[in-house]
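Every number in this text was worked out from the coordinates using simple rules, so none of it is lab data. Predicted, not measured: the structure shown is a model, and the values here were computed from it. Cβ placement follows ideal geometry from the backbone for every residue including glycine, while neighbour counts extend to all protein chains displayed.
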Amino acid sequence: MPHALVVSLALLAIVALPVVIWVTSPGRRLEREFGAAAPFAGTQYDCLIRGLSYADGGTICAVGGSADGLSLTKPMARRSSAWVTRLRPDELDRPVLIPWDRLRISRSTLLARWFMRFDLPELRIHFIVPLEVARQVLTDAGRTIPD
């Protein structure tokens, strides 16, 4: 291969890879599928959720529950209109409301801590929420807490 072609392909990969990762991240897919038109009106709890980004140091979210579904939003303290914060792949840009009938909920452990695991089988997305927060959200929504 000519040297110029190799350099061009390398530059294309350097530019395209972050865009592909940003567009296909689990959080972005949730926003496309379950984006809510209005902010969640119920009680929300700020916590670190794991599973919504590929570089999973976790995503800080406000989590809430109602009869309609599970709500995920960016916490009030982190909401900003600055374009730089909108491009972070590990944060949600808009509210998400996932209907309960689309979720499978189970208990899970990670590093000897208990979590509640929320699965969306048809999208092949799962994320975990700290057990204490998940219990509050499920109680607020009138849902049963899995064993």
Using each residue's phi in the stretch 5-11, evaluate 6.51 cos²θ - 1.76 cosθ + 1.60 at θ = phi - 60° and report the 3J(HN,Hα) Karplus result to the nearest Hz, with x for Gly and Pro.
5, 4, 4, 4, 5, 5, 5
I need the phi-derived Karplus couplings for the stretch 28-33: 6.51 cos²θ - 1.76 cosθ + 1.60, θ = phi - 60°, integer Hz, Gly and Pro marked x.
5, 5, 4, 4, 5, 7
Given H placed 1.01 Å from N in the peptide plane, which residues other than close sequence neighbours of ILE125 have an amide H under 5 Å from its amide H?
LEU120
Charge tally in the Cβ shell below 13 Å around GLU122, where Lys, Arg are +1 and Asp, Glu are -1, GLU122 excluded
+1
Residue-wise HN-Hα coupling along the stretch 117-124, computed from phi with Karplus coefficients 6.51, -1.76, 1.60 (Hz; x: Gly, Pro):
9, 10, 10, 10, x, 5, 9, 6
